[in-house]
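Asker: What follows is a single structure, and I will ask about it in a moment.
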Amino acid sequence: MKDAIKEKYWLYRAQTRKDPQAYAQLYDTYVTSIYRFVYFKVNSHEDAEDLTADVFLKAWNYITEHTDVRSFRAVIYRIARNLVIDLYRRRASRNEVTGFPDEDELPDDHLTHLSDKGVGVKKIETAHDHKQVLDAIAQLKEEYREVVLFRYVDGLSATEVAEILGKSSVDVRVTTHRAMKALRKILKVE
Amino acid sequence: MTRRQLRHNLHQLNDVRGNINPRAAFVHATREHLLSTLSNTGSTPRVRMFSFANMWLLLSIFIPPRTVYAVVRPIVLMGVAFGIATGSWVTGAFASLNSVPGDVWYPVKIGIENTTVAVVGATQGTSAKTQLQAEYATRRLDEAQKVIAEPEKAMEAVQRFKDSMTEVNATLEHLKNSDSVTAVDIAKSMDVHATRYLVQIDQAKVLAEVAGDDSVKDAVIAAEAAVGVTSVKTVEVYVDSLAKGNDAISKDEVRQIVDKKLLEIESKVAGATEDVNGAVKSVQASPLQPSMVAEKSKVIAPAMQVQRKSEEVREVVAKTKVLLEEDNVAAAALQIRVLGPATMEVTAQAKIVQQAAMDVDAAAKLAVPLTPVTTKSIEITPAASTTVSSTIQIPSTTPNVQE
């Protein structure tokens with residue numbers, strides 16, 4: 001709670017005073033989780049680093065231009081998500097043009113890569129249950145998968161997820177409920 | 001796998017992901033890069049310490065959105081609305097307090113007064129309402145004095161004063177028959193106010209005289225008449241109350257009031273007589289040409305009337321005093337009904353006589369240089385005054401005109 005208040009204070013200073021030091025505090029708080037979030041989607045440290053740096057620059061521009069920011073976390077996750085999507089699009093179009101080998105090609109459904117590459121994913125695969133869960137998540141449709149990851153893996157609130165996805169929090173709750181139902185069905189959980 | 005285990009595994013995915021960390025060098029370098037970029041591009045504009053926009057931002061950041069929308073925003077909006085409403089009202093009220101007819105704020109002042117009178121009337125009754133009207137009427141006379149040099153504005157203020165008096169008189173008339181206790185309360189208060197009004201009216205009359213606008217002067221005299229009517233009404237209220245035998249006012253109180261009014265009347269009539277005598281004397285002393293004798297009659301005839309009327313008033317006053325001595329207070333009080341208007345008539349006519357005398361005096365002064373017989377000199381000699389016929393002799397006590 002104390003951290004939440006501190007975070008809000010930094011956000012307030014960054015917005016009203018354009019205070020770089022306050023923004024640096026926000027950066028310190030979120031750089032690791034954004035890096036992980038991005039890395040798990042792009043499976044490349046170089047891309048993850050580039051995107052993470054980009055996320056914080058874009059987020060600064062966003063919060064200084066918009067006064068209706070209530071959750072900084074929601075803002076940076078939304079920006080990170082959009083940048084990742086942009087990267088996929090770029091990669092997809094580049095592949096089409098340059099005709100990169102198939103092994104480098106990113107599948108349309110990027111989240112299926114959660115368990116394909118990367119150190120973290122390999123570690124996840126070591127645990128049977130984790131693998132099972134990841135496989136089940138991979139089988140979910142895009143909309144459900146995203147919500148489950150945001151809510152349970154990244155630990156964001158329904159309101160924050162709603163802000164990231166541009167939906168209402170009621171929509172997010174309903175989608176989460178349906179996603180978990182689908183996940184349970186795949187995993188045959190009673 | 002149970003539901004709980006599923007949730008646990010989902011949360012653990014994050015722990016597993018926790019093994020992946022960005023390089024320390026990357027984190028540090030990006031931080032430095034960010035700081036330098038923001039410092040260079042942000043140029044940290046100086047932001048005011050307090051502004052409503054920042055205040056609102058602070059609220060929306062620190063208070064959960066739902067609370068902001070459901071509770072804080074309505075409260076803030078209501079507060080702002082209230083602030084604007086009362087703020088502008090207070091500003092308007094203060095700004096309008098010293099306004100006079102013709103000012104931008106004057107209608108606001110009148111509006112506020114009317115609203116206050118209406119509210120007080122509805123909540124505290126007729127007595128409080130009339131009291132307030134009487135207070136506001138004083139303001140009208142003050143305003144009239146301030147703008148006496150501008151006839152239209154002065155007329156507006158005087159007219160408003162007269163309207164207030166008319167309303168007060170109507171209230172007294174109405175209450176006299178229904179609620180004599182309240183009527184007596186109002187009457188007593190109006191007697192006090194009337195004394196003050198008459199002082200103000202006297203000042204206004206002098207100012208109107210100086211300003212030289214007859215319409216304003218006439219309006220002020222009409223306002224005086226309205227006050228006179230109020231004075232008469234108050235006496236009627238007292239008499240009615242005595243007749244009904246309620247405790248609203250005692251006989252002694254009425255006696256004192258009547259005594260006081262009689263003294264006022266005597267003093268006014270004495271003043272009017274003195275004015276008229278002075279006017280007559282000045283006309284007699286004026287070096288008038290024989291052709292201007294007719295002018296004199298314009299002073300003398302009304303002067304006689306005033307003196308006759310004054311005598312009548314004095315007789316009625318004496319009669320009223322006798323009634324008081326005989327303890328016939330009600331009858332004495334009723335004489336005030338007659339005496340009031342009569343006194344006003346006397347004073348008004350006295351003023352006319354005075355004015356006529358001044359006109360004659362002015363005409364005489366203009367005429368004198370032309371009279372000196374055959375000399376070429378236009379020098380005014382003291383001897384000129386001796387040529388004036390002073391055939392008119394009007395004793396101060398018994399008017400007698402000889403032409």
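Throughout, read-outs are computed from the coordinates displayed, never taken from laboratory work. Quick caveat, the model's predicted, so the values are computed rather than measured. A quick note on method: Cβ atoms are made from the backbone with ideal geometry, for glycine too, and the neighbour counts reach across all protein chains shown.
Asker: Projected area of the range B:253-369, taken from the Cα convex hull and averaged over every viewing direction, in nm²?
Answerer: 6.9
Asker: At A:Ile5 and B:Glu173, where each label point lies 7 Å from the Cα along Cα→Cβ, what is the point-to-point distance in nanometres?
Answerer: Calculated label separation equals 7.3 nm.
Asker: A follow-up question, please. On a straight-distance basis, which aspartates and glutamates could pair with B:Lys176 in a cross-link, Cα separation under 15 angstrom, same-chain partners fewer than 8 positions away excluded?
Answerer: B:Lys176 reaches B:Glu167, B:Asp185, B:Glu236, B:Asp240, B:Asp247.
Asker: Between B:Ala270 and B:Glu315, what is 0.36 nm times their sequence separation minus the Cα-Cα distance? Round to one decimal in nm.
Answerer: 14.9 nm
Asker: Placing unit charges on C-beta atoms (Lys and Arg positive, Asp and Glu negative, everything else neutral), compute the dipole magnitude of the range A:1-106 about its Cα centre in debye, rounded to 20.
Answerer: 780
Asker: Take the residue pairs B:Lys129/B:Lys260; B:Lys162/B:Lys268; B:Lys109/B:Lys309 and return only those whose Cα atoms are more than 31 Å apart.
Answerer: From B:Lys129/B:Lys260; B:Lys162/B:Lys268; B:Lys109/B:Lys309, over 31 Å: B:Lys109/B:Lys309.
Asker: Just to be sure I understand the model, the point goes 7 Å from the Cα along the line to the Cβ. What's the resulting B:His11 to A:Gln139 distance in nm?
Answerer: Here the answer is 2.5 nm between the modelled labels.
Asker: How many percent of Cα pairs in the range B:307-367 exceed 16 Å?
Answerer: 56
Asker: Quick check on my link table: of B:Lys153/B:Lys298; B:Lys251/B:Lys321; A:Lys18/A:Lys58; B:Lys146/B:Lys233, which ones sit more than 21 Å apart, alpha carbon to alpha carbon?
Answerer: Those over the limit are B:Lys153/B:Lys298; B:Lys146/B:Lys233.
Asker: Choose one of B:Asn328, B:Met304, B:Val283: the residue whose Cα lies farthest towards the positive end of the charge dipole of the range B:253-369 (beta-carbon charges +1 Lys, Arg; -1 Asp, Glu; about the Cα centre).
Answerer: Among B:Asn328, B:Met304, B:Val283, the one farthest towards the positive end of the dipole of the range B:253-369 is B:Val283.
Asker: Leaving out same-chain residues fewer than 8 places away, which aspartates and glutamates sit with a Cα under 14 Å from that of A:Lys141?
Answerer: Leaving aside aspartates and glutamates fewer than 8 places away in the same chain, those within reach of A:Lys141 are A:Asp108, A:Asp109.
Asker: Next question. What is the gain in length, in nm to one decimal, between A:Gln21 and A:Leu57 on full extension, counting 0.36 nm per residue of separation less the C-alpha to C-alpha distance?
Answerer: This chain segment gains 11.6 nm when fully extended.
Asker: How large is the charge dipole for the range B:127-249, taken about the Cα centre, if only the Cβ atoms of Lys, Arg (+1) and Asp, Glu (-1) carry charge, to the nearest 20 debye?
Answerer: 220
Asker: How do B:Asp247, B:Asp213 line up, fewest other C-beta atoms within 10 Å first?
Answerer: Fewest-to-most ranking of B:Asp247, B:Asp213: B:Asp247, B:Asp213.
Asker: Would you list which lysines come within 16 Å of B:Lys365, measuring only between C-alpha atoms, while excluding same-chain residues fewer than 8 positions from it?
Answerer: Within the straight-line cut-off, B:Lys365 pairs with B:Lys281, B:Lys296.
Asker: Tally Lys and Arg at +1 and Asp and Glu at -1 over the other residues with C-beta under 11 Å from the C-beta of B:Arg7: what net charge comes out?
Answerer: +4
Asker: Continuing with this model, one more query. Quick check: residue separation of B:Thr115 and B:Lys251 times 0.36 nm, minus the Cα distance between them. What number comes out in nm?
Answerer: Net length gain for the segment: 45.2 nm.
Asker: Just to verify a number: FRET efficiency for B:Tyr69 and B:Glu32, C-beta to C-beta distance, R0 = 45 Å, to 0.05?
Answerer: 0.70
Asker: About the Cα centre, and with charges only on the beta carbon of Lys, Arg (+1) and Asp, Glu (-1), how big is the dipole of the range B:257-330? Nearest 20 debye, please.
Answerer: The dipole magnitude comes to about 380 debye.
Asker: Another one. Near A:Ala22, within a Cβ-to-Cβ distance under 14 Å, what is the net charge of the other residues, with Lys and Arg +1 and Asp and Glu -1?
Answerer: Every neighbour counted, the sum reads +3.
Asker: Follow-up question, since we're still on this one. Under a point spin-label approximation (7 Å from Cα along Cα-to-Cβ), what is the B:Val76-B:Ala331 distance to one decimal in nm?
Answerer: Label at B:Val76, label at B:Ala331, 8.0 nm between them.
Asker: If Lys and Arg each add +1 and Asp and Glu each add -1, what is the summed charge of the other residues whose beta carbon sits under 10 Å from the beta carbon of B:Met344?
Answerer: Local charge sum for B:Met344: -1.
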